[in-house]
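Notes follow once the structure below has been shown.
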Amino acid sequence: MSTRASALPFGAVRVPAEALGLKRAALWALLASKIVTGWGVQWDIQWHVLIGRDSFWIPPHLITYAGVSAAVFLSFGVLFWETWRGTGGVRVLGLRGSRGFQLAAWGISVTIIAAPIDDLWHRLFGIDVTLWSPPHLMGILGAVINAWACLTIADEVYSAGSRARLAAMVLTGATLYGSLHLVVDPSFRIAYLYGGVRFYTFAVIAAFLLPLALVPAARLSGNRWTPALVLVVVALVGMAGLRVARAGFEVMQPVSVIEEEIAKDPTSPIAVANIMARKNGVTPGRVGGLPLLYMGSAAVVGMALVDARRRPVASTVAFSLLLFIAGGWYTTARPALAAMVPGAGPTLAAFIITFVAALVGGVAAKRLSDAL
């Protein structure tokens with residue numbers, strides 16, 4: 001939990017009332033912008049997989065960057081306001097503001113810089129690229145930094161133990177979890193293509209990355225059930241995002257050229273995603289569903305019961321090992337992946353790698369939450 005807030009119960013709110021109100025409003029507006037951005041990304045993934053045609057100006061991109069633009073306006077807007085008033089405590093490149101808003105502003109700047117790089121990447125290497133391309137990862141990194149900043153802002157503007165603080169922490173944790181989960185999603189394609197130890201790529205990457213959302217949210221909120229609440233919000237926001245995408249397709253009715261794209265390169269990420277979805281009997285590009293259910297169970301048991309607030313590393317290990325078991329069960333049950341299930345040797349090796357990744361992820365998550 002936040003030791004600073006515990007030591008100084010009202011220290012996080014010792015600012016003029018008008019400044020406090022503005023910062024709280026900016027925080028909630030930031031979180032709303034991140035939800036909108038997430039919906040745009042959900043639709044964008046489905047657009048790429050189902051339609052196949054790409055342009056920077058497609059509707060999902062416009063929704064995504066509308067949310068990003070709002071985050072830029074809000075983050076830098078507070079910095080400009082505090083610089084003008086001379087009240088900011090941290091100075092960076094001539095702008096003054098709190099630690100949280102400084103981190104939010106410069107974090108979202110990384111996402112903005114990634115946009116033209118992504119457009120250039122598409123022009124150089126084509127439209128059918130993986131989510132793990134450098135500009136995509138750069139954009140996600142900026143969103144993640146901005147979300148970590150929102151945890152700090154909530155710590156700054158709400159006193160410990162308040163319901164508003166808990167709500168802000170849970171919602172922030174959900175947006176952070178969603179951003180990090182984007183990096184984990186392509187791991188199922190690796191399992192399909194290679195098998196062996198790489199069949200468990202999902203568990204290994206998730207063991208390191210996902211605690212970077214769940215542990216800080218739990219420790220800064222001071223509530224042991226925060227990881228479970230985060231997963232509930234993730235599921236609800238994800239369901240709403242699927243409805244947004246469905247409505248968008250119904251209104252826009254774009255013409256699909258995905259079969260032509262698959263014919264050009266049957267081994268491309270988008271082609272593999274379609275092939276796997278057809279074998280599994282699901283809609284290609286759909287994010288969410290059963291993986292969230294078993295990860296929710298892992299989060300509740302591994303994080304909440306072991307208590308990430310007081311034992312962040314141990315809770316991360318418990319979360320990750322349960323995730324390995326549940327994720328392995330889910331993955332082996334998919335028709336597209338059944339033929340790639342490895343034997344005992346690769347499974348044991350992957351289990352050990354997951355355990356090491358969990359240790360590293362737990363230590364990183366603890367140090368991150370201490371810094372925030």
Residue in region 126-143 that is surrounded by 16 or more Cβ atoms within 10 Å (Cβ to Cβ), of a type in the set (D, E, K, R) and in contact with a Leu (Cβ under 8 Å, 6 or more places away or on another chain) present
no
When region 295-308 is examined, which residues are found to be surrounded by fewer than 21 Cβ atoms within 10 Å (Cβ to Cβ) and either under 17 Å from the mean Cα position of the chain (by Cα) or modelled with pLDDT of 80 or more (or both)?
G296, L305, V306, D307
Take the conditions over 18 Å from G100 (Cα atoms), hydroxyl-bearing (S, T, Y) and surrounded by 23 or more Cβ atoms within 10 Å (Cβ to Cβ) and apply them to Y194. Does it pass?
no
Select from region 230-254 the residues that are in contact (Cβ under 8 Å) with a residue 24 or more places away in the chain and outside any helix (DSSP H, G or I) and list them in ascending order.
P254
Looking at (1) touching a residue at least 60 places away in the same chain (Cβ under 8 Å); (2) more than 20 Å from R310 (Cα to Cα); (3) not hydroxyl-bearing (S, T, Y), which one does A167 not meet, given that it meets all the others?
(1)
Quick one: V157 ticks every box in (1) crowded, with 21+ Cβ neighbours inside 10 Å; (2) under 30 Å from A349 (Cα atoms); (3) modelled with pLDDT under 90 bar one, so which box is it?
(2)
For D119, the lone unmet condition from (1) at pLDDT below 85; (2) buried (at least 21 other Cβ atoms within 10 Å of the Cβ); (3) under 24 Å from the mean Cα position of the chain (by Cα) is (2)
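Pick out the one residue from A174, A167 that is in a helix (DSSP H, G or I) and either touching a strand residue (DSSP E or B) at 6+ places or on another chain (Cβ under 8 Å) or crowded, with 19+ Cβ neighbours inside 10 Å (or both). So that I can check it myself, show each step before the final result.
On the way: A167 fails: either touching a strand residue (DSSP E or B) at 6+ places or on another chain (Cβ under 8 Å) or crowded, with 19+ Cβ neighbours inside 10 Å (or both).
Answer to the check: A174.
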Kindly list, by first and then second residue, each pair from a residue in region 125-143 that is among the aromatic types (F, W, Y) to a residue that is modelled with pLDDT under 85 and part of a helix (DSSP H, G or I), limited to pairs with Cβ atoms under 9 Å and residues at least 6 apart or on different chains.
W132/P269
Would you mind stating whether I45 is under 22 Å from V255 (Cβ atoms), buried (at least 18 other Cβ atoms within 10 Å of the Cβ), out of contact with any Gly (no Cβ under 9 Å at 6 or more places or on another chain) and β-branched (V, I, T)?
no
Test set (1) in a helix (DSSP H, G or I); (2) under 28 Å from G222 (Cα atoms); (3) touching a Lys or Arg at 6+ places or on another chain (Cβ under 6 Å); (4) not basic (K, R) - T83 fails condition number:
(2)
Subset of region 348-372, residues buried (at least 17 other Cβ atoms within 10 Å of the Cβ) and among the β-branched types (V, I, T), comes to I353, T354
Check whether at least one residue in region 94-110 is more than 30 Å from N274 (Cα to Cα) and surrounded by fewer than 14 Cβ atoms within 10 Å (Cβ to Cβ), and report yes or no.
yes
Restricted to region 129-152, and to residues that are among the hydrophobic types (A, V, I, L, M, F, W, C) and not in a helix (DSSP H, G or I), which residue is nearest to I205 (Cα to Cα)?
W132
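The values are calculated or read from the model by the stated rules, or taken from the named source; none is laboratory data. Small disclaimer: the values here were computed from a predicted structure and weren't measured. Cβ: placed from backbone, ideal geometry, glycine included. Neighbour counts: every protein chain shown.
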